[in-house]
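Notes to accompany the following structure.
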Number of protein chains: 2
Amino acid sequence: VPDWNLENRDPQHLFEGLHLIGEFYGVAAELLDNGELLAGLLQEGISLAGATLCQTLVKQFEPQGVTVLCLLAESHVSLHTYPEHGALFFDSFTCSITCRPHLIVETLREALHPSDLNLRVLRRGKGQANI
Amino acid sequence: VPDWNLENRDPQHLFEGLHLIGEFYGVAAELLDNGELLAGLLQEGISLAGATLCQTLVKQFEPQGVTVLCLLAESHVSLHTYPEHGALFFDSFTCSITCRPHLIVETLREALHPSDLNLRVLRRGKGQANI
């Protein structure tokens, strides 16, 4: 888990977004095949992050696997699971300096207990325009 | 635009995904505020890419801006626009070696004529498991 140093964004340059892209491994298969649980965790994390959830799509695949897409006022969050591999792929893209998207990742991590976690943080946008 | 060298993925190692993350700049504001047009372009690109569209969410923001989220059998595609800045942020995450997600980007590019385009290509997953 990286040092979540997200507080140094320049409030005068709001036209940018933060994209968190991660993979969890070693998660119990029954957790990863539970769409209701996973959607609830994302909703909880989005609320903690201070983001605004507009709409959610949940799809249960056969024979296994779940996708959850959350449309936010600040952009989106997605989650895709592979229970047969104990794996979950997520991303969180938020265009707002008041949003704390790392709390979405932390909410998932605390509930799902991955044995291994990979995370990339991308800054997006030119950061040149004052909105 | 990068050289789309996506054909060298090892078919024995399918447990991986390709995440294309990009920004368009210099796009006409009226195109970026047209949710129906943008959703249609994504659907066209997804079809050309050989991916399977399950569900789409379109949200028109006030006073301007559009988000489109597409839930795919292969993962997801998203698009967020800022007409006031001529900007569009998109991502396409696909877990399938038969899918050609660059055709989604090309479909958007040909229709929207950005003056500037930034693109990152991330490979995700361990690539270790044979599905």
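Key figures
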{"read-out": "Eligible aspartates and glutamates near A:Lys126 by straight Cα distance, threshold 16 Å, same-chain separation 8 or greater", "value": "A:Asp10, A:Glu16, B:Glu23, B:Glu84, B:Asp116"}
{"read-out": "Surrounding net charge for B:Glu30, when Lys and Arg each add one and Asp and Glu each subtract one, Cβ distance under 13 Å", "value": "-3"}
{"read-out": "Space enclosed by the convex hull of the alpha-carbon atoms of the range B:72-131, per residue, Å³", "value": "94"}
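Every read-out reported here was derived from the displayed coordinates using simple, explicitly stated rules and does not represent laboratory data. The shown structure was predicted, so the numbers you read here are calculated from the model rather than taken from an experiment. Neighbour counts run over all protein chains shown; Cβ positions are idealised from the backbone, glycine included.
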